[in-house]
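The values are calculated or read from the model by the stated rules, or taken from the named source; none is laboratory data. Note that the coordinates shown come from a computational prediction; the quantities given were computed from them, not determined experimentally. Ideal geometry is used to build each Cβ from the backbone, glycine not excepted, and the neighbour counts take in all protein chains shown.
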Amino acid sequence: MPEGESVTPYGELAILYLRQCRYQESLTCLEKKYAADGILLTYEKSREVVNKASEQRLKNPSWALALSVIPGCGYFYAGSPYSAITALILNGVLSYATYTSFKSENYGVGFILGALNLSFYIGNMVGSKQSAERYNANLKRSASDELRKLNPYIN
């Protein structure tokens, strides 16, 4: 039997558990798979992948949303520094433009700029949360892809 080929379903279960952040169950499935198949080297490498994934810290989308009350902070927390800088500058410029419009008694322009600023501000908050969710999904996907490479016979 070629290295990594399996006669048991445990490899598939290991990847499913890994994607759900259920690391102990993933390790248990790997132990059962390689106990049945008898391939020690692939087991050790697969176990390292799961252990490495369990040590990675996921970003809390709610925390990113809360931090985004200050424009850009949620993006920065979620690992998107360029989006953070863009959000901070854009919201800052629009806020200043709104303020100066009202100060100079240009109420129509002030309301339009204020509405535009509010839409970007809300978009910043929603985008920060989505950025944290994307960050987490990418971590999970890369770990499961790495486990799949080590076990090419898992569908």
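Here is how the numbers come out for the structure above:
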read-out: Hey, Lys103 surrounded by fewer than 17 Cβ atoms within 10 Å (Cβ to Cβ), within 30 Å of Ser46 (Cα to Cα) and more than 18 Å from the chain's Cα centre (by Cα) or not; value: no
read-out: Output for the stretch 105-121, where each listed residue is part of a helix (DSSP H, G or I) and not hydroxyl-bearing (Ser, Thr, Tyr); value: Gly108, Val109, Gly110, Phe111, Ile112, Leu113, Gly114, Ala115, Leu116, Asn117, Leu118, Phe120
read-out: Enumeration of residues in the stretch 43-92 that are within 18 Å of Gln24 (Cα to Cα) and either more than 19 Å from the chain's Cα centre (by Cα) or among the aliphatic types (A, V, I, L, M) (or both); value: Tyr43, Glu44, Lys45, Ser46, Arg47, Glu48, Val49, Val50, Ala53, Leu58
read-out: Tyr43 being touching a helix residue (DSSP H, G or I) at 6+ places or on another chain (Cβ under 9 Å) and modelled with pLDDT of 95 or more; value: no
read-out: Those residues of the stretch 74-122 which are closer than 30 Å to Arg57 by Cα and polar (S, T, N, Q), in sequence order; value: Ser80, Ser83, Thr86, Asn91
read-out: For Ala115: the one exception among (1) exposed (fewer than 13 other Cβ atoms within 10 Å of the Cβ); (2) at pLDDT below 95; (3) small (Gly, Ala, Ser); value: (2)
